[in-house]
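These notes concern the structure reproduced below.
The values are calculated or read from the model by the stated rules, or taken from the named source; none is laboratory data. On a predicted model such as this, the values are computed, not experimentally measured, just so you know. Positions of Cβ are backbone-derived with ideal geometry, glycine not excepted, and every protein chain shown enters the neighbour counts.
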Amino acid sequence: MQRWLLRRLLEVPLGLALGDIRGCEHVEASSGPIAVLAVAWSRHIVCLSRECFARYLEELRPRGEETACDRCGAHVPPPGPRMTMARLGHTILVAGLCPECLKDGGHEGG
Ligand SMILES: [Zn+2]
Ligand SMILES: [Zn+2]
């Protein structure tokens with residue numbers, strides 16, 4: 001797995017604990033770890049319930065920034081950034097990356 005994706009995955013539980021990332025009501029109310037879905041361009045995460053998954057699909061439709069790579073911010077000509085998915089423990093993350101960032105060991109953009 002790319003280090004960038006791993007870092008973003010690790011940010012999810014950390015962000016939740018710090019309040020930087022907001023979970024759906026189920027995530028916020030759960031006392032233990034539950035499976036969550038996250039997208040790199042949103043600070044909202046949801047659980048896998050049917051209603052929350054529908055919300056997640058809504059988040060999957062990027063607004064405005066759909067031509068920008070989530071990692072380096074580079075403009076990606078149509079059809080735009082390539083969706084990539086990574087999973088760590090209970091967290092599934094989707095990010096849109098440019099061809100450079102998709103390559104393992106691509107330029108380190110933070
Ligand atoms: Zn939920
Ligand atoms: Zn990129």
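Against the condition at pLDDT 90 or above, under 19 Å from Gly96 (Cβ atoms) and over 12 Å from the mean Cα position of the chain (by Cα), how does His75 come out, does it pass? Criteria met by His75. In summary, helices (runs of 4 or more DSSP H) completely within region 1-82 and bearing 2 or more residues that are loosely packed, with under 14 Cβ neighbours inside 10 Å and away from ligand 1 (no atom under 16 Å from the Cβ) occur at 3-18.
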